[in-house]
1. Give the residues of the stretch 3-39 that are of a type in the set (D, E, K, R) and within 17 Å of GLU128 (Cβ to Cβ), sorted by residue number.
2. Can we say ALA91 is under 31 Å from the mean Cα position of the chain (by Cα) and within 24 Å of PRO152 (Cβ to Cβ)?
3. Within the stretch 1-14, track down each residue that is open to solvent by 40 Å² or more (accessible area, probe 1.4 Å) and assigned to a loop (DSSP other than H, G, I, E, B).
4. Report, ordered by the first and then the second residue, all pairs with beta carbons closer than 6 Å, sequence separation of six or more or different chains, a first member in the stretch 134-149 that is farther than 17 Å from GLU104 by Cβ, and a second member that is polar (S, T, N, Q) and open to solvent by 60 Å² or more (accessible area, probe 1.4 Å).
5. Step by step: first the residues of the stretch 151-174, then only those that are out of contact with any helix residue (DSSP H, G or I) (no Cβ under 6 Å at 6 or more places or on another chain) and more than 30 Å from SER116 (Cα to Cα), then the one that is surrounded by the most Cβ atoms within 10 Å (Cβ to Cβ). Which residue is that?
6. Considering VAL157, VAL119, which residue is among the hydrophobic types (A, V, I, L, M, F, W, C) and more than 28 Å from ARG66 (Cα to Cα)?
7. Quick one: in the stretch 15-31, which of the residues that are assigned to a loop (DSSP other than H, G, I, E, B) and either over 18 Å from LEU115 (Cα atoms) or small (Gly, Ala, Ser) (or both) is modelled with the highest pLDDT?
8. Of the residues in the stretch 111-142, how many are of a type outside the set (S, T, N, Q) and either open to solvent by 70 Å² or more (accessible area, probe 1.4 Å) or over 30 Å from VAL157 (Cβ atoms) (or both)?
Amino acid sequence: GNWVFELTFGPNRALLSKGGFWSHALDGFSLSGDFTFATGGYYTPNYVLTVQETASGSSNSLRPNRNFGVPITGGRKLGNWFNAAAFSAPASGQFGTASRNSIEGPGTKAVDASLSRTVDLGETRSFEARVTASNALNMVEYSGINTTLNSPTFGQVTGASAMRTLSVEARYRF
């Protein structure tokens with residue numbers, strides 16, 4: 001979603017319309033931004049073959065076995081995103097029973113915002129100053145999880161999106 005809110009202060013506006021210092025100081029400001037809230041994508045668990053298994057002629061990665069008595073949903077935390085006990089190594093030379101896209105990944109919660117002020121300088125001229133905040137609320141957003149069974153970080157979050165960043169820009173229109 002996107003949003004824009006022009007502040008209602010200044011000449012020809014709802015508040016402080018009679019003129020004066022505050023009327024002119026607060027004129028031309030606007031807040032705008034966007035937000036995204038979404039569930040996570042899905043990941044497929046895999047199992048990388050050992051050196052001995054690769055030497056037997058296979059050269060690909062397989063899926064692990066799904067332990068159906070154990071739920072996949074885990075702590076949804078940095079070191080335990082999903083329940084690693086829900087998967088186990090398949091027998092040598094066998095294919096695993098885990099299905100594609102069986103692990104729900106981290107979702108998205110992002111809010112970006114900007115504060116800007118435009119000052120009219122004549123017929124077609126204006127000056128705009130803007131401060132933009134990406135990830136304005138500085139929410140931690142995980143960007144990946146390790147789904148390789150025989151990895152030491154199996155089930156853990158492997159990355160995060162960028163933290164809040166601010167940018168300042170000025171624009172003269174003529």
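The values are calculated or read from the model by the stated rules, or taken from the named source; none is laboratory data. Remember, it's a predicted structure, so these values are computed and weren't measured experimentally. With ideal geometry, Cβ positions are generated from the backbone for all residues, glycine too; neighbour counts draw on all protein chains shown. Note: accessible area is taken over every heavy atom of the protein model, side chains too, but ligands, DNA and RNA are not part of it. Shrake-Rupley method; radii C 1.70, N 1.55, O 1.52, S 1.80 Å.
1. GLU6, ASP27
2. No.
3. GLY1, THR8, PRO11, ASN12, ARG13, ALA14
4. If the second residue must be polar (S, T, N, Q) and open to solvent by 60 Å² or more (accessible area, probe 1.4 Å), the pairs left are SER134/THR165.
5. Checked the stretch 151-174; the qualifying residue surrounded by the most Cβ atoms within 10 Å (Cβ to Cβ) is VAL157.
6. When all the criteria are applied, what remains is VAL119.
7. My answer is GLY28.
8. 15
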